[in-house]
Amino acid sequence: MSATPLHSVTPVDVIRNTLEDTLKLQRAAYFAHPYPSFDERRTDLLKLKAFIRDNRDAIVDAISADYGNRSRHETLFAEIFSVVDGVDHTLKHLKKWMKPQRRGVDLKNFLGASNRIIPQPLGIVGAIVPWNFPINLAFSGLIATFAAGNRSMVKMSENSRRLAQLLIEKCPSYFPRDKLAFFDETGGVGIEFSKLKFDHLLFTGSGVTGRAVMAAAAPNLCPVTLELGGKSPAIICEDYPLRKAAERLLFVKYFNAGQICTTVDHVYIPAGKVSEFTAMAKGIVAERYPRLDTPDYTSMIDERSFNRVVAALEEAQARGATLVQLVPGAAWDAITRKIAPHIVLNAPADCALRTREIFGPVLPVIAYNAIEEPIQAINDGPRPLALYPFSNDKALVHRLLHHVMSGGVSVNDGLFHVGQHDLPFGGVGDSGMGHYHGHEGFVTFSKMRPVFYQAPFSAIKFMWPPYGKFATKYLDFLTK
């Protein structure tokens, strides 16, 4: 058989071969050592923590360069701290998570037997990571993956090129390739990555891409955890202090320039309070971001995202909406890709701001007269990734929790349920499937393997055929 001519080897072939070779390497290492001890897992987790701390400033700079400008403080808070704290939380609980669980036995038939659930590593976990919180989303998955005793391949976003190069360059000093490997998106990598026969695949990103990833994984029957986006609403109820609600949700909304899958996409406000809320927002946001070019305010990730949000603002305005700019000066700057924080009033129900996930620093305000209105409106659309009710009325909060389905909830704030290490994170319906973070992450990336231990003497022997009078009487007793 003749060798394949060099000119027939395409870039896609090179990508595919590199990915498959890495998977084979990790698979062989897994089979050679399928159950890492607690001490080995602890070492891996501490290496993740050391990597983040040792390379902290380089990570901050790389992410900011990828964005054009990303607030240093936002990166330290949402990326660096979250990973370090996540490792600490996992190490505190990991021994307990790893212990086999006792389960009950049917004493009628299995007297003397015992049942256990034994958490065992799945093997190789693939992760496809978006650009908006690349360290947080890559390493929070790795914390759960390594806690469960697995190995991992991680594909970074095409918008995280500088960070990806940093990870690819520095990672081998902490982990061998048969334990952890990062990959840059150079074109076509994501497609080939999704086709690999992983033992589990974690994807975070848009619903459109999520469907493609799930379809690519399906031929391998590879289980997937999909963390998607959506239009997560806030509801300010009549009883809640308006200024407190404004201060909290406006911080969440304009953090990372609104480029967060769990941010407040839009807010429902009692009709009589819309003007007051708008006036408050002007003062609150201008104090936080006195000008558009402040380094505390983050750029849109790329030109396409910038143009999409600007076009959505212009469309809403052309159709009669009122744009309320919350920072003095220019409304946006194409050079720095910064868009001033905006509130939008009276946006048409079928405009882009109301129908598509905004993923930018724009907050549509929707007036309502009765609480049934936001409940109905939310339930008429795709299930959101998060719900943010603001109310001190326990009965009303209970009603909203039980009548509006969402992936997660923060009551009287936005976003921060995601930062609780002992709460699972995940969507529902159009906003995703599966959970990770904390114990649920350990469970997701483990096979919670049921094991039955038969007793030395088994009464089942009396049920062996040929079936006689005893079997007949015994089954009559069990089934009457």
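The values are calculated or read from the model by the stated rules, or taken from the named source; none is laboratory data. What you are looking at is a predicted structure, and each value in this text was computed from that prediction instead of being measured. Quick reminder, even Gly has a Cβ in these numbers, built from the backbone with ideal geometry, and neighbours come from all protein chains shown. The protein model used for the area step is the full one, side chains on, heavy atoms only, and it has no ligands, DNA or RNA in it. Shrake-Rupley method; radii C 1.70, N 1.55, O 1.52, S 1.80 Å.
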Problem set entry | Members of the stretch 125-158 found to be in a loop (DSSP other than H, G, I, E, B), farther than 23 Å from residue 28 by Cβ and of a type in the set (S, T, N, Q), listed by number | 132, 157
For this session: Given the conditions (1) in a loop (DSSP other than H, G, I, E, B); (2) over 26 Å from residue 424 (Cβ atoms); (3) of a type in the set (Val, Ile, Thr), report the number of the one that residue 264 does not fulfil.
Result: (2)
For this session: Of the numbered conditions (1) under 28 Å from residue 16 (Cα atoms); (2) modelled with pLDDT of 95 or more; (3) open to solvent by 30 Å² or more (accessible area, probe 1.4 Å), residue 91 fails exactly one; give the number of that condition.
Result: (1)
Exercise. Does the stretch 103-125 contain any residue that is open to solvent by less than 30 Å² (accessible area, probe 1.4 Å) and either under 25 Å from residue 256 (Cα atoms) or of a type in the set (Phe, Trp, Tyr) (or both)?
Worked result: no
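Mind counting the residues in the stretch 23-39 that are over 25 Å from the mean Cα position of the chain (by Cα) and touching a residue at least 12 places away in the same chain (Cβ under 8 Å)?
Filtering the stretch 23-39 down to residues over 25 Å from the mean Cα position of the chain (by Cα) leaves 24-25, 27-39.
Applying the additional criterion that residues be touching a residue at least 12 places away in the same chain (Cβ under 8 Å) yields 25, 27-30, 34-36, 38.
Result for the stretch 23-39: 9.
From the list 441, 419, which residue is open to solvent by less than 90 Å² (accessible area, probe 1.4 Å), among the small types (Gly, Ala, Ser), closer than 30 Å to residue 98 by Cα and assigned to a helix (DSSP H, G or I)?
Numbers: 419 fails: assigned to a helix (DSSP H, G or I).
Testing whether each residue is open to solvent by less than 90 Å² (accessible area, probe 1.4 Å), among the small types (Gly, Ala, Ser), closer than 30 Å to residue 98 by Cα and assigned to a helix (DSSP H, G or I) leaves just 441.
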For this session: Sort through 457, 452 and tell me the only one that's open to solvent by 40 Å² or more (accessible area, probe 1.4 Å), touching a Gly at 6+ places or on another chain (Cβ under 7 Å) and in contact (Cβ under 8 Å) with a residue 60 or more places away in the chain.
Result: 457
Problem set entry | Those helices (runs of 4 or more DSSP H) lying entirely in the stretch 301-410 with at least 1 residues in contact with a Leu (Cβ under 7 Å, 6 or more places away or on another chain) and surrounded by fewer than 17 Cβ atoms within 10 Å (Cβ to Cβ) | 303-318
Exercise. Consider residue 271 against the criteria (1) in contact with a strand residue (DSSP E or B) (Cβ under 7 Å, 6 or more places away or on another chain); (2) surrounded by 15 or more Cβ atoms within 10 Å (Cβ to Cβ); (3) under 18 Å from residue 391 (Cβ atoms): it satisfies all of them except one. Which criterion is unmet?
Worked result: (2)
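Considering only the stretch 72-123, give the helices (runs of 4 or more DSSP H) lying wholly within it that have at least 1 residues that are in contact (Cβ under 8 Å) with a residue 40 or more places away in the chain, farther than 27 Å from residue 40 by Cα and not hydrophobic (A, V, I, L, M, F, W, C). Write out each step before concluding.
Working: elements: 72-75, 82-98, 107-110.
The qualifying helices (runs of 4 or more DSSP H) are 72-75, 107-110.
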For this session: State the number of residues belonging to the stretch 313-356 that are within 24 Å of residue 65 (Cα to Cα) and either under 27 Å from the mean Cα position of the chain (by Cα) or of a type outside the set (A, V, I, L, M) (or both).
Result: 8
Seminar exercise, completed: The correct count of residues that are open to solvent by 30 Å² or more (accessible area, probe 1.4 Å) and either of a type in the set (Phe, Trp, Tyr) or not in a helix (DSSP H, G or I) (or both) in the stretch 281-300 is 5
For this session: Only residues that are assigned to a helix (DSSP H, G or I) and either within 24 Å of residue 332 (Cβ to Cβ) or touching a Leu at 6+ places or on another chain (Cβ under 6 Å) (or both): list them for the stretch 225-261, please.
Result: 246, 249, 250, 251, 252, 253, 254, 255, 256, 257, 258
Problem set entry | Looking only at the stretch 271-302, and only at residues there that are more than 13 Å from residue 333 (Cα to Cα) and of a type in the set (D, E, K, R), the one that is nearest to the chain's Cα centre (by Cα) | 296
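Take the stretch 129-185 and flag every residue that is among the β-branched types (Val, Ile, Thr) and buried (at least 22 other Cβ atoms within 10 Å of the Cβ).
Of the residues in the stretch 129-185, the ones among the β-branched types (Val, Ile, Thr) are 129, 135, 143, 145, 154, 168.
Result: 129, 135, 143, 145, 154.
Could you grab me the full set of residues in the stretch 197-224 that are open to solvent by less than 30 Å² (accessible area, probe 1.4 Å), closer than 18 Å to residue 121 by Cα and not in a strand (DSSP E or B)? Quick ask: steps written out before the conclusion?
Here is the first cut: in the stretch 197-224, the ones open to solvent by less than 30 Å² (accessible area, probe 1.4 Å) are 198, 200-205, 207, 210, 213, 216-217, 222, 224.
The next check asks that each one be closer than 18 Å to residue 121 by Cα; those that pass are 198, 200-202, 222, 224.
198, 222, listed by residue number.
In the stretch 24-49, how many residues are closer than 17 Å to residue 145 by Cβ and open to solvent by 20 Å² or more (accessible area, probe 1.4 Å)?
At the first step, the residues of the stretch 24-49 found to be closer than 17 Å to residue 145 by Cβ are 25-27, 29-30, 33-38, 40-49.
Filter once more, keeping what is open to solvent by 20 Å² or more (accessible area, probe 1.4 Å): 25, 27, 30, 33-35, 37-38, 40, 42-43, 46-47, 49.
Looking only at that region, the number is 14.
One line per residue, one yes/no per condition, for (1) closer than 27 Å to residue 405 by Cα; (2) among the acidic types (Asp, Glu):
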residue: 163; (1), (2): no, no
residue: 177; (1), (2): no, no
residue: 195; (1), (2): no, no
residue: 202; (1), (2): yes, no
residue: 208; (1), (2): yes, no
residue: 217; (1), (2): no, no
residue: 226; (1), (2): yes, no
residue: 239; (1), (2): yes, yes
For this session: Give me the pairs, please: first residue somewhere in the stretch 171-190 and under 21 Å from residue 14 (Cα atoms), second residue anywhere and open to solvent by less than 20 Å² (accessible area, probe 1.4 Å) and in a loop (DSSP other than H, G, I, E, B), beta-carbon distance under 7 Å, and either six or more positions apart or on two chains.
Result: 182/156; 183/156; 184/156; 185/156; 185/157
